[in-house]
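What follows is a short report on a single structure.
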Amino acid sequence: MVRRASIVAVCSLALLALVALVPAANAADFKVEKHVVGETLGGRPIECNVYGDGDDVFWLIATIHGNEAAGTPIAKKFVEWLEKNPQEVEGRKIVVMPVANPDGFADNVRFNRNGVDLNRNFPAGNWGEADVKPHGATPLSEPESRVLMRVLCQYFPSRVVSIHQPLNCVDWDGPADKMAEAMAAKCKLPLNKLGSRPGSLGSFVGTTLGRPIITLELPADAGMDEEVLWNEYGDAIIAALRYKHEEPVAEKAVAP
Ligand SMILES: [Zn+2]
């Protein structure tokens, strides 16, 4: 009897040790940082959440135009999905900004409180070119766009997805055609290269920095139901996360 009890005890200990070795699938498996990265003109915090600390950096940004807000529930669902799939964070750093223009979001308007289109306020080569939208007095004249720039410089993402409405397509800037194809294959939005908008985040990241950036244009009637939106576009966001951008191989220097 004593012997049997000790066998049970040993087995229980072995089982406990095994359980301890199996990683638990929860958010605690990766580093999570929640930052307030700045403040809007209206005094609202701009939040940025960072998951993992790998070298492959993906930035998801939603609602830079305050009245194109369907990306915000998608960002929320994306975070929930990451927490259920911690293996997806391995080797990556995932920067999620659910509301890039909190004042515009609260007011349900495109612009910030200065009436400036933040997505025309970046120091791209085409800033201020013929464009009917108010682009600001100078590039980065607005506190909100300066915050976005700081996040961009701090994390220097290898690819970016910025969610907009209502043009109903997967648009891209820079070397992102393959990434756009990968995303379009996972949702109903067609590929459509809209052309670089002056001073946009797309122009700056894609053309000035030469990094892939997708402007995911949801339809006007996308709604705000997070389950519906995630069912419709979640796989495309996951495709962007998993997409591996290969830097072009530099040509070997040839002696003159
Ligand atoms: Zn937009």
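Any chance you could count how many residues in region 159-213 are of a type in the set (F, W, Y) and over 23 Å from E129 (Cα atoms)?
Initially, region 159-213 is screened for residues of a type in the set (F, W, Y), giving 172, 204.
Restricting the remaining residues to those that are over 23 Å from E129 (Cα atoms) gives none.
Residues meeting the conditions: 0.
Restricting attention to region 97-139, and to residues there that are of a type in the set (V, I, T) and surrounded by 21 or more Cβ atoms within 10 Å (Cβ to Cβ), which single residue is farthest from E80 (Cα to Cα)?
Within region 97-139, the subset of a type in the set (V, I, T) is 99, 109, 116, 132, 138.
Still in the list and also surrounded by 21 or more Cβ atoms within 10 Å (Cβ to Cβ): 99, 116.
Working: V99: 16, V116: 32 Å.
This residue is V116.
Filtering region 49-66 to residues that are within 22 Å of E227 (Cα to Cα), part of a loop (DSSP other than H, G, I, E, B) and without any contact (Cβ under 8 Å) to a residue 60 or more places away in the chain leaves only G66. The residue that is nearest to the chain's Cα centre (by Cα), among those in region 106-123 that are over 25 Å from F58 (Cα atoms) and assigned to a helix (DSSP H, G or I), is A106.
Of everything in region 69-105, what is among the small types (G, A, S) and under 13 Å from the mean Cα position of the chain (by Cα)? Give them in sequence order. Write out each step before concluding.
Step one: list which residues in region 69-105 are among the small types (G, A, S), which gives 69-71, 75, 91, 100, 104.
Answer for region 69-105, where residues must be among the small types (G, A, S) and under 13 Å from the mean Cα position of the chain (by Cα): G71, A75, A100.
Only one of the listed residues (N108, N114, N121) is within 14 Å of the ligand (Cβ to nearest atom) and touching a residue at least 60 places away in the same chain (Cβ under 8 Å). That residue is N121. Quick one: in region 210-240, which of the residues that are touching a strand residue (DSSP E or B) at 6+ places or on another chain (Cβ under 9 Å), of a type in the set (D, E, K, R) and more than 16 Å from the ligand (Cβ to nearest atom) is nearest to L189 (Cα to Cα)? Among residues in region 210-240 that are touching a strand residue (DSSP E or B) at 6+ places or on another chain (Cβ under 9 Å), of a type in the set (D, E, K, R) and more than 16 Å from the ligand (Cβ to nearest atom), the one nearest to L189 (Cα to Cα) is E232.
I46 satisfies every condition listed in (1) in contact (Cβ under 8 Å) with a residue 40 or more places away in the chain; (2) in a loop (DSSP other than H, G, I, E, B); (3) more than 16 Å from the ligand (Cβ to nearest atom) except (2). A222 satisfies every condition listed in (1) more than 21 Å from P73 (Cβ to Cβ); (2) out of contact with any His (no Cβ under 9 Å at 6 or more places or on another chain); (3) not in a helix (DSSP H, G or I) except (1). Residue count for region 124-167 satisfying the condition of being in contact (Cβ under 8 Å) with a residue 12 or more places away in the chain, on the phi < 0 side of the Ramachandran plot and in a loop (DSSP other than H, G, I, E, B): 17.
G199: closer than 20 Å to R120 by Cβ, in contact (Cβ under 8 Å) with a residue 40 or more places away in the chain and assigned to a loop (DSSP other than H, G, I, E, B), yes or no? Yes; evaluated as a whole, the condition is true for this residue.
For region 168-196, a residue qualifies if it is crowded, with 17+ Cβ neighbours inside 10 Å and part of a strand (DSSP E or B), and the qualifying residues are C169, V170, D171, W172, D173.
Rule-based calculations on the coordinates, nothing more; no lab input. Remember, predicted model here, so these are calculated numbers, not experimental data. Using ideal geometry, Cβ is built from the backbone for each residue, glycine included, and neighbour counts are taken over all protein chains shown.
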